[in-house]
Protein chains: 2
Amino acid sequence: MVQKQDLETDFDPNETPTGKYKAGKIRDENIANILQAAEEVFVQYGFKGTSIQAIADKANIAKANVHYYFKSKSNLYVAVLGNLMHLWNDFFDQVTEDDDPATVLDEFIRKKVALSYSHPRASKLFAMEIIQGAPHLKDYIRTDMRQWVRTKAKVIQSWIDQGRMAQHVDPVQLIFLIWSSTQHYADFEEQVLTIMNCAEYEQEMIDNISNFLSQMILTGCGLTPPQR
Amino acid sequence: MVQKQDLETDFDPNETPTGKYKAGKIRDENIANILQAAEEVFVQYGFKGTSIQAIADKANIAKANVHYYFKSKSNLYVAVLGNLMHLWNDFFDQVTEDDDPATVLDEFIRKKVALSYSHPRASKLFAMEIIQGAPHLKDYIRTDMRQWVRTKAKVIQSWIDQGRMAQHVDPVQLIFLIWSSTQHYADFEEQVLTIMNCAEYEQEMIDNISNFLSQMILTGCGLTPPQR
DNA sequence: CAAAAACCTGACCAAATAGACAGAAAAATC
DNA sequence: GATTTTTCTGTCTATTTGGTCAGGTTTTTG
């Protein structure tokens, strides 16, 4: 009862049962099922607006069974958030001052756009959480995320100091710009698609978007976009 | 009972009383008060998550009195949305092919950033609505907003055709980029401020942000940012 | 095939919810 | 100051909410 809970406190489902018997393929499947359903409903209605019943319906299980795996709504919500937070820092991560700015930024932008395409709901849920004041992610932002930004900003600054990027670029603002411009395609999907009169994104659009943003931002930084 | 309701259908409070007596300073004040309170609560908890009671509390009136002015929750929500939609199209509006791209874009960017600063909640509420699939704004986006974008895109395209802007700029994507990068500072305020370790925006930061984005985007378009 | 553990769920509860409504209070008009 | 109209609110109802729990069913293990 006091096992791993101590480390990842809230980010986990109910502690697994006593453990003598098989801890559970069933368990894993159900948890995955619930998390997936919860993600969809939370995105659509927000934390407060989401009912456990709605999640249970979407997951095709009884409401009480959701509570069997997650002891409270906020427990489940935090689990959903935690489940997708790992997507954020996965790349752009082992960058050094010696790397080529153009290559790195180009790749970063493309990966972020690809992420918007592959995990739109993750991006949306994160956005909603922040817009509402980040009640569940304040700590994460203040510690991990801030640190991440500082580290990357330092590398970018060194590129500028080395004369490899335009003087006017503020590294932190640049990171914000890349975040905002790429996530926009996930978060504002509805708006973007409606205005462009498209039913859904296609690979070709994603490539165009990536090309555009990469061109635009790299040029803005005084860099020459890599050939492709 | 069938008066102006026909035009702006849902965007209005309850029809004013019969009208023989003074239609109401009290009325106007209360409606403004409710709209303001509703805006705050809707942003914080989303449409479904917001209770009329919470709005009434924030407005310091009885719950039933909210229903006296707005017949339903969604009626009130739509009124709040409508009340802030006018902010969007207010500027960048009488632009022509003959204007100077750099001047126009610079001004557009600055005005959008200023708007993020002056009306952060409006931006946030709009963002939440879109993220959740724009259930109340689909029509507006498909008609007015799409038309607005097309008109502006045409002007930008003509600048490109005249050789006054870089070839690689897709006008619609450019508009998206300006929207996303500027609104980010309102919508993700919590994240931005936390990472920058600031308590709140100050005019100086807003200027820096504007300068950065203007420099970046204009340079990206192959334009020379106007002197200031 | 038992017994133990994991999994499941219908029934229940207290609290909160959107909204209706009758009638009280306040204001505006004459 | 009387009356008409607007404004206000306490009370009520229906439904939904998060969460509990006792007891059922299924699976795992030996």
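The values are calculated or read from the model by the stated rules, or taken from the named source; none is laboratory data. Just so it is clear, the model here is predicted, and its values are computed rather than measured. Note that each Cβ is placed from the backbone with ideal geometry, even for glycine, and that neighbours are counted across all protein chains shown. The accessibility values were calculated without ligands, DNA or RNA, using every heavy atom of the protein model including side chains. Shrake-Rupley method; radii C 1.70, N 1.55, O 1.52, S 1.80 Å.
Selection over the stretch B:176-208 of residues that are free of Cβ contacts under 8 Å to residues at least 60 places away in the same chain, more than 9 Å from every other protein chain (Cβ to nearest Cβ) and under 26 Å from A:A186 (Cβ atoms) gives a count of 1. Checking each residue in the stretch A:208-227 for being modelled with pLDDT of 95 or more, open to solvent by less than 70 Å² (accessible area, probe 1.4 Å) and of a type outside the set (A, V, I, L, M, F, W, C) picks out A:S210, A:N211, A:S214, A:Q215, A:T219, A:G220, A:G222.
If you check A:N65, A:N60 for being open to solvent by 40 Å² or more (accessible area, probe 1.4 Å), at positive phi and modelled with pLDDT of 95 or more, only one passes: A:N60. Is it the case that the stretch B:120-128 has a residue that's open to solvent by 10 Å² or more (accessible area, probe 1.4 Å), more than 10 Å from chain A (Cβ to nearest Cβ) and aliphatic (A, V, I, L, M)? So far as the stretch B:120-128 goes, no, none of its residues is open to solvent by 10 Å² or more (accessible area, probe 1.4 Å), more than 10 Å from chain A (Cβ to nearest Cβ) and aliphatic (A, V, I, L, M). As a summary of the residue check, A:R146 satisfies the conditions (1) more than 8 Å from chain B (Cβ to nearest Cβ); (2) at pLDDT 95 or above; (3) touching a helix residue (DSSP H, G or I) at 6+ places or on another chain (Cβ under 8 Å) except for the one numbered (1). Scanning the stretch A:21-34 for residues that are part of a helix (DSSP H, G or I) and among the small types (G, A, S) gives a single hit, A:A32.
Between B:V95, B:V149, B:V78, the distinction of being within 16 Å of DNA strand C (Cβ to nearest atom), more than 25 Å from B:E200 (Cα to Cα) and among the β-branched types (V, I, T) belongs to B:V78 only.
Report yes if A:L105 is within 14 Å of another protein chain (Cβ to nearest Cβ) and either more than 16 Å from DNA strand D (Cβ to nearest atom) or farther than 17 Å from A:Q44 by Cβ (or both), otherwise no. Reasoning before the result, please.
Numbers: within 14 Å of another protein chain (Cβ to nearest Cβ): yes; either more than 16 Å from DNA strand D (Cβ to nearest atom) or farther than 17 Å from A:Q44 by Cβ (or both): yes.
In short, yes.
Taking every residue in the stretch B:59-74 that is near DNA strand C (Cβ under 6 Å from one of its atoms) and pairing it with any residue that is assigned to a helix (DSSP H, G or I), at least 6 positions away or on another chain, the pairs with Cβ-Cβ distances below 8 Å are B:H67/B:I52; B:K73/B:F47; B:K73/B:I52.
Quick grid of which residues meet (1) farther than 30 Å from B:E97 by Cα; (2) open to solvent by 70 Å² or more (accessible area, probe 1.4 Å):
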site	(1), (2)
B:I130	yes, no
B:G133	yes, no
B:K152	no, no
B:Q162	no, yes
B:A166	no, no
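What number of residues in the stretch A:48-63 are more than 9 Å from DNA strand D (Cβ to nearest atom) and under 15 Å from A:I131 (Cβ atoms)? Total meeting the criteria: 0. Name the single residue, out of those in the stretch A:25-70 being within 24 Å of the chain's Cα centre (by Cα) and among the basic types (K, R), that is nearest to the other protein chains (Cβ to nearest Cβ). In this case the residue turns out to be A:K48. Look at the stretch A:97-114: where a residue is touching a residue at least 60 places away in the same chain (Cβ under 8 Å) and a partner is among the aromatic types (F, W, Y) and open to solvent by 10 Å² or more (accessible area, probe 1.4 Å), sitting 6+ places away or on another chain with Cβ atoms under 7 Å, you get A:F108/A:F92. Of the residues making up the stretch B:89-96, not a single one is without any contact (Cβ under 8 Å) to a residue 12 or more places away in the chain, β-branched (V, I, T) and open to solvent by less than 50 Å² (accessible area, probe 1.4 Å).
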